[in-house]
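The values are calculated or read from the model by the stated rules, or taken from the named source; none is laboratory data. Bear in mind the structure is a predicted one, so any value in this text is a computation, not a measurement. Neighbour counts run over all protein chains shown; Cβ positions are idealised from the backbone, glycine included.
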Amino acid sequence: MTEDFDMPYPQYRCPSCGRDLPLNEARVTVTCAAHRPEDDLAFIVRDAKPADRRAIEEICDRALGEIEVDALGKTWDILAGKNLVAEVNDGLAGLLSLAIDRGTAVVVLLSVYPEYQGLGLGTALLHSAVAWARQTGLPSIRVGVSNDDIPLLYFYQRQGFVIDDIAVGLLVDTTGSSVSGFSGIPSRDEIRLHRPVSND
């Protein structure tokens, strides 16, 4: 049985009308490279500071409704991880949270506010995460993505990640039923991807 699942806040923004969209109302649109948004937004990516805690809690609340993430068979506390933030005009616009598990880096959460998506913040955050993993001496970086999250699967594969496992039915087993995810696709499975840190 598929239930409607409303995220606490919109996760995407319509590029045509600018309306913020909840997860189950968002749709994929294919465009040519000439119609990509200009990515000349001024932003910086940096390590999170203790003073960023409230802003990190806010982006977690908007993305997930909590600061704990279930991924790759574990529950991760975002505040206990290595956090990188993207900052626009002195405000947090994106977050990438990392952890170390079994000798590899793990992307626990990557979230960019809808108004800043498609402008290079996610890519810059991920490049910083890969650089951190390399400097830390970790050989690879892993991530788990729900089967419905087509934009995130697209993003990670364009960044050199490859699928190495699918935990079939994991999300159903965890929640007791499938929920309506991106574009109304039932969220059932966790797709696990990885990439070496040496090819960035």
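Side notes on the structure shown:
- Lone unmet requirement of (1) part of a helix (DSSP H, G or I); (2) on the phi > 0 side of the Ramachandran plot for VAL172: (2)
- Candidate set from region 50-65 (those that are among the small types (Gly, Ala, Ser) and touching a residue at least 12 places away in the same chain (Cβ under 8 Å)); member that is nearest to VAL112 (Cα to Cα): ALA63
- Complete set of residues in region 8-30 that are of a type in the set (Ser, Thr, Tyr), touching a strand residue (DSSP E or B) at 6+ places or on another chain (Cβ under 9 Å) and at pLDDT 70 or above: TYR12
- Evaluation of GLY118 against (1) surrounded by fewer than 24 Cβ atoms within 10 Å (Cβ to Cβ); (2) more than 23 Å from ARG27 (Cα to Cα) (one fails), failing number: (2)
- For GLY94, the conditions (1) over 27 Å from PHE182 (Cα atoms); (2) surrounded by 22 or more Cβ atoms within 10 Å (Cβ to Cβ); (3) not hydroxyl-bearing (Ser, Thr, Tyr) are fulfilled apart from (1).
One line per residue, one yes/no per condition, for (1) farther than 17 Å from VAL107 by Cα; (2) surrounded by fewer than 15 Cβ atoms within 10 Å (Cβ to Cβ); (3) in contact (Cβ under 8 Å) with a residue 60 or more places away in the chain:
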| residue | (1), (2), (3) |
| --- | --- |
| LEU152 | no, no, no |
| GLN157 | no, yes, no |
| ASP164 | no, yes, no |
| THR174 | yes, yes, yes |
| SER178 | yes, no, yes |
| GLY181 | yes, no, yes |
| ARG188 | yes, no, no |
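- Residues being surrounded by fewer than 16 Cβ atoms within 10 Å (Cβ to Cβ) and in contact (Cβ under 8 Å) with a residue 40 or more places away in the chain - total across region 71-88: 1
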